[in-house]
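The next block holds one structure in the form of structure tokens; read it before the comments.
The values are calculated or read from the model by the stated rules, or taken from the named source; none is laboratory data. Treat the numbers as computed from the prediction; the structure is a model and nothing was measured. Positions of Cβ are backbone-derived with ideal geometry, glycine not excepted, and every protein chain shown enters the neighbour counts.
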């Protein structure tokens with residue numbers, strides 16, 4: 001009985017060491033995280049990196065007039081777009097309608113990002 005008891009204890013010790021190594025790995029070598037990886041962007045159908053400017057700004061419409069909204073920049077093309085919100089809120093809101101609103105992009109301009117490499 002003694003040899004099988006030693007073998008059992010040895011196997012249990014190996015299992016305990018392996019489980020400890022598995023449990024300690026996230027603390028010793030944590031997995032890096034990203035807010036939005038390129039894989040996620042590709043799966044979403046939009047591979048271009050987009051920067052959303054914090055805050056709400058007064059946007060000038062091409063046809064004239066102004067409206068409050070968010071400013072976004074396509075970091076690959078340099079295109080600058082404004083998305084009207086209509087209020088100081090960071091998302092489109094109509095106070096009289098409880099349905100979610102859709103904000104359509106207004107072209108504001110373009111940064112010549114290709115010239116930055118020169």
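Of the residues making up region 80-100, just one is surrounded by 13 or more Cβ atoms within 10 Å (Cβ to Cβ) and more than 17 Å from residue 54 (Cα to Cα), namely 93. Beta carbons closer than 7 Å, at least 6 apart along the sequence or on distinct chains, pair a first residue in region 100-118 that is in contact (Cβ under 8 Å) with a residue 24 or more places away in the chain and on the phi > 0 side of the Ramachandran plot with a second that is surrounded by 12 or more Cβ atoms within 10 Å (Cβ to Cβ) and assigned to a strand (DSSP E or B) for 109/80. Being modelled with pLDDT of 90 or more, under 24 Å from the mean Cα position of the chain (by Cα) and either at positive phi or surrounded by 12 or more Cβ atoms within 10 Å (Cβ to Cβ) (or both): is that true of residue 77 here? In short, no.
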